[in-house]
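Data block below; observations after.
The values are calculated or read from the model by the stated rules, or taken from the named source; none is laboratory data. These numbers were taken from a predicted model, which means no experiment stands behind them. Note that each Cβ is placed from the backbone with ideal geometry, even for glycine, and that neighbours are counted across all protein chains shown. Heads up: the accessible areas ignore ligands, DNA and RNA and are worked out on the full protein's heavy atoms, side chains in. Shrake-Rupley method; radii C 1.70, N 1.55, O 1.52, S 1.80 Å.
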Amino acid sequence: MGKGMLTTTTHGPSRAGWQCANGAMSQLLRNLETEFGRLRTGNGEADHGLKKCADETHEFRVQLKKLKAHLAKQAQERQAGEVVDEAGFERKRELIVEKLRRTHTSWSGAVRRTCRGAVAAQGRFEKHAVQRLFEFELDKVYTHRLPAHAREQVARAIGKHLSRYNISNIPVREHDDILRYMRAIYGVDEEVTEDYVEMSQIIQDMRKGDISGCMAWCEPGSNLQFELYLLKAKQLLLEGDRLLTYNYVMNNIPGLMLQTRKYGIRRDIGTLLANIAVGDAAKFESLESEIRVQLDKCVALFTRDYCRKNNLLYNSSLFLILLSGIISFQFFIKYQTIRAASHVDWTTEDELPFSVKLPDFLSDFHPIFICPVLKEETTRENPPYSLPCHHIISKKSLDKLSTNGTCNFKCPYCPIMASKSKTHKVNFAKL
């Protein structure tokens, strides 16, 4: 795929069907918005609406502040010796207490009535909005209906997403317990969870202060190993034994420093040694927060290395697809507006008539190539070809530009002249 480009393949129902589906989804969203408004503000009835409960509580709070001010004033008067009529003073105090009691009783009754109305409104919200979501069939609004094998791939992608981001935060650690937990709570197949079990166990140990498992797993001389040594040294320093910390640093880190020329590594070690030597009290107070930051850094490095070593995506495919859709959605909306105004349409089913720029991390890994001329995905029947200037286009584009190989042509992206005889078929390798 071309760097920073997004494509799509159109199959399935007609555009009229898409418009009907879009209308059905819009109606569902309108119903949700209406029912939520009724739940929050009520339906014109005095006892309904969560907002009314909040307003009543706010009014009760205002009254409490006023009564508190009266009581504080009386206390000041008594302390200053300004009270002459002790009986009158007590009557005023009793009146304030009685008013407080009545205010509380009034607020309590109002809140109970409002809550009863809110519970009833919540029941109606469940019936008219939430239940309809579960009864709603996605295929009624989704233009490109997924075949059975594609649904399996989507379910697997969801399982990998849940495992990638949640498996390190679950309350169990043993291998079989992790598999059972992910199956019972998230419905993820054991086969999917298996890829992330070791990662979960090591991260859980790291968060409990034990980095030995991660240290044994990481590659010698790696950036992760250095950051783990640095984390361990800070943990030892926090315990208060500066001599032990110094010996640990000198026995483990100098070898790594000789293997790298990164200024940041030398700077971090220098700062740590200075803290050991000086023992600044202010520095020791901030050491706990530094350790938390260092731990998060080590967890992120380990996760990235683990995913790379086990051929797993650091960001789940589900996340990447959704993020690509969010970024590109505005371009589709703009195109739809232009198409409606100018009465133009797509010329072929597998062509996207505009480019969408995506960040590098969303486009570099794509195992497909989109011809920058025709905006079509290359296939076995329409493979990519490299021009003498090393720009790549599809075979269809090459045939059109060269008039089926009968003439020379200029590269669409640079002034270099080319001929079909000087082009070469491109084979992409998945690294």
Looking only at lysines whose Cα falls under 23 Å of K73's and that sit 8 or more positions away or on another chain, we get K65, K92, K99
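Grab the beta carbon distance between S289 and N427, set R0 = 51 Å, and tell me the FRET efficiency rounded to 0.05.
On the way: r = 51 Å, r/R0 = 1.01.
Given R0 = 51 Å and the Cβ-Cβ separation, E is 0.50.
Averaged per residue, what accessible area in Å² does segment 143-209 show with a 1.4 Å probe, protein chains only?
Details: 3790 Å² over 67 residues.
I get 57 Å² per residue for segment 143-209.
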In Å², rounded to a whole number, the accessible area per residue of segment 366-425 with probe 1.4 Å is 59
In whole angstrom, the spacing between the Cα centers of segment 398-414 and segment 143-216 equals 51
Note on segment 366-425: contact order normalised by length, alpha-carbon pairs under 8 Å, 6 or more apart, percent, works out to 29
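With N denoting the number of residues in segment 366-425, provide Rg(C-alpha) divided by 2.2 N^0.38 Å, to two decimal places. All intermediate terms of the calculation are to be shown ahead of the outcome.
Values: Rg = 10.6 Å, N = 60, 2.2 N^0.38 = 10.4 Å.
Against the empirical 2.2 N^0.38 Å value, I get 1.02 for segment 366-425.
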Of the accessible area of segment 366-425, computed with a 1.4 Å probe and all protein chains kept, carbon and sulfur make up a percent value of 55
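If you put +1 on each Lys and Arg Cβ and -1 on each Asp and Glu Cβ, how big is the dipole of segment 366-425 around its Cα centre, in Debye rounded to 20? Mind dumping the intermediate values first?
Numbers: 9 positive and 4 negative charges, 30 e Å.
For this selection, approximately 140 debye.
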For K410, counting only lysines whose alpha-carbon sits under 16 Å away and dropping same-chain residues fewer than eight positions off, the answer is K395, K396, K400, K420, K422
For K234, counting only lysines whose alpha-carbon sits under 30 Å away and dropping same-chain residues fewer than eight positions off, the answer is K208, K262, K283, K297, K309
